[in-house]
Each structure stands twice: as structure tokens, then as C-alpha cells.
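Shown next, in C-alpha cells, is the structure this report addresses.
Please treat every number below as a calculation from the coordinates, not as lab data. Keep in mind the model is a prediction, meaning the values are calculated, not measured. Positions of Cβ are backbone-derived with ideal geometry, glycine not excepted, and every protein chain shown enters the neighbour counts.
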């Protein structure tokens, strides 16, 4: 065997070995690495603005960008989570006592519904009572409360691990912000593809990442906060819990209506007529239009993907990577779509008139 071939084979073996060892070494923190990359993509423009203000001083610009991230994103999220957990515990406790008391409207409505059910074949087996309604509500609320409480306990019990991840996250931000341009150039230098194709990958993946954060989470937060505004006007208790629940359902196809409309119906049954009507009408006419108004402004053309593929990849990512898989899944899908497009445009064997292959 040629010595040059032997050297190349041995080098590829060493490269494969190094990649496997590096993967095993970094595997526990891959989520932190990906989250740091997504954060850098979302706040890179702010870093560049600080670079202009501070005349190219990278250290100061990086520090101010990280401070901005904490003030505008991380600290508010931690405060909301803490309040939401407290309200969830209070809500679960309140469900253990009678919810409707002796409310005449509820009693009348239940009697009327049961009377209509009695006229339906086998309807007598589906008679509604306050206890059944409360049990149903508890069946929805208690798992959410248990999940949030469990997250809180896990955060407390594994504080050392979270502190380690937090330090790694800060270190990655400090390294990635000033070296982002060098990393993209390194990707192009390592890739055997033309720089034009490498740039297409970078543009599409970056656009999809931003689109999923803006077009999914930002819109979900907007819909959840809008729902919360009308719930606040209606005087609904445990507001932060319902807002977080509305944001979660806004990420999914069902939308915030799953939260708002049942609350509106309960308000009407409790005798709060105008409050319940306001919540239902606002949910249908206002909250539902937030997506239509914001999505065209937040999602660029480079990130256009079939809604079916977005939904499929988002749920697939949710299963594989957890909550942030809602972002990772569509990014992986757009990477696949871009690869197929590049193959069709540049590498597909095309039949010529003379029967030869290109």
C-alpha cells in the first residue's frame, strides 16, 4: 500500500476517534451548547450595535450584550416561573373546596343540561354534577401543577449541576459573540462545498432558527399576554398560571382559545355575564388574529416551510430534545430541505440530448 494512502487512512482514523471522544465528552452539555448558539443568533445584532457604540471593544460589548440578555429575558422568565409555581399550588389547593358553592346559575344550567341528556338514549349515564366538573378541572390542572412543582424541586435538588451549566452557558456566550464571524469562516474553510453553497446553508439555518424563536415563541408570548390582559380585566384569579398555560397552548395548534373559552364559560355560569362574554369574544376576535398580524412580519422568506412540515418537525423535536426541540426540529428540517435543494440544483445527474450523463 502506498505510504501516502496509509497516512491518509491513519489520519481519517484519528479524526473519527477524535470526533467520537469529543462527542462523548460534550454529550452531557449538548443542550447548553445548542441553546448558547441559538442565543447568539438571536442577539448578534445587539452585540454588533454595542461594538459600534464602544468602538470595537469586544470585551465590553460582550459583557453589555450578556447583561442585556439577563435583564430582558432570563430574569423576567425566572420571576414569572416563580410566581406561576406559587399560584399553581394555590389553585390546586382551592380546587379541594367547593368551587361553585350554591350558585343558582350553575345549579340551573346543570339541571337543564341533565334534563336534555335524560331525553337522549343512554343519556342518564352522563349526568353532570359539580363534583364531576371539579374532578375534570383537577385532572387538567393537577398534572400541570405537579409538573411545575417537580421542576422547581429538581432545580433545587440539582443546584450544583445547574450552576455548572450556567457557568458553561456564560462562557460560551463570552466566546461565541466575538468569534462568530471566525466560526462561520472556519465552517466554509472546512467544507468541501463552494462558499456560495456554504453561505446558503448558513442563511437558511439562521433564518429558520430566528423564525422559530420569533414566529413561535414570540407570537405565543404575545397571544398569552393578550389573553392574560382580558382575563385581568375580567377579574380572573391566578393570572400568571393562566397566562403561562395560554402561552404553552399557543405554541401548539390548539391555541390560547383552549384556555380562554372554558374560563369565559365558567364566568358566565358563575353569574359574571359581561366578564365571560368579554373573555370569549376577545379570545375569538383579538387573540386569534395576533398570529395573522405578527407572523408575516416575523418570519422571513428564507425560512418558509410547509405548515405540515413545521408541525411535524416541531413535535418530533419535542419528543427527541424536550421543550427546546420545538426550535431544533424545524431547524433540522430546513437543513434537510436545503440539502435536497442543493442536490437538485448542483449535483443531480441530468440526462443530456446525446444520452450521456452530466
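With 0.36 nm allotted per residue and the present C-alpha distance subtracted, the residue 162-residue 232 stretch has 21.8 nm of extension available.
Against the compact-protein benchmark of 2.2 N^0.38 Å, the Cα-based radius of gyration of segment 160-309 scales to 1.44. Each part gets one Cα centre, and for segment 156-221 versus segment 259-287 those centres are 41 Å apart.
First measure r as the distance between the Cβ atoms of residue 182 and residue 78, then evaluate 1/(1 + (r/R0)^6) with R0 = 35 Å and state the FRET efficiency to the nearest 0.05.
0.60
Note on residue 33 and residue 86: the model spin-label points, each 7 Å out from Cα along the C-beta direction, lie 3.9 nm apart. Modelled spin labels at residue 68 and residue 285, positioned 7 Å past Cα toward Cβ, are 3.9 nm from each other.
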